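Beneath this line is the structure, given in structure tokens, with notes to follow.
Every number in this text was worked out from the coordinates using simple rules, so none of it is lab data. All of these numbers come straight from a predicted model, not from anything done at the bench. Positions of Cβ are generated from backbone atoms using ideal geometry, with glycine treated the same way; all protein chains shown enter the neighbour counts.
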Amino acid sequence: MSRAPKPYDLALLFAALADRTRLRLLNLMDGREVCVCYFAEILGQSQPKISRHLAYLRRAGIVAARRDGKWMHYRIAMPEHEGAANLLQEALAALRQEKAMQADLARLNKACCSPQGLVALDGAPVPVRVGAS
């Protein structure tokens, strides 16, 4: 007896995209896998707050997590639902055009080049590029 697949919750996707912090997180993950400590440093917010937002994005099915020792890495997970995937791709494209989002990426790139200058990133793994998101 097989069950029908659970329908994709578009309302949850729209709710996930309706928060500026979550949009900033998605922008930072666009095309890369990032350790949670970088998010806290770049966004200037506490790690518990960042983790709550990442959990929301995971519940919406658009972010995947991977543990590596004490480090948690996050990346975008494109939904199988075609409409949801299209919405997420369009949102990411729009974020790439925003100056504030570009500034976040510049801070991430700077932190990746010299993490030793940031105490919170001491020993943290540098974000890595991932395949097509």
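Worth a mention:
- Within the stretch 16-40, tally of residues that are touching a residue at least 40 places away in the same chain (Cβ under 8 Å), part of a helix (DSSP H, G or I) and farther than 12 Å from residue 105 by Cα: 4
- Only residues that are surrounded by 18 or more Cβ atoms within 10 Å (Cβ to Cβ) and on the phi > 0 side of the Ramachandran plot were counted across the stretch 6-65, and they come to 1.
- Those residues of the stretch 66-82 which are surrounded by fewer than 13 Cβ atoms within 10 Å (Cβ to Cβ) and basic (Lys, Arg), in sequence order: 66, 67, 70
- Among the residues of the stretch 41-76, the one identified as touching a Leu at 6+ places or on another chain (Cβ under 9 Å), of a type in the set (Gly, Ala, Ser) and farther than 19 Å from residue 8 by Cβ is 65.
- Restricting the stretch 56-98 to residues that are in a strand (DSSP E or B) and touching a residue at least 40 places away in the same chain (Cβ under 8 Å), the residue that is farthest from residue 27 (Cα to Cα): 68
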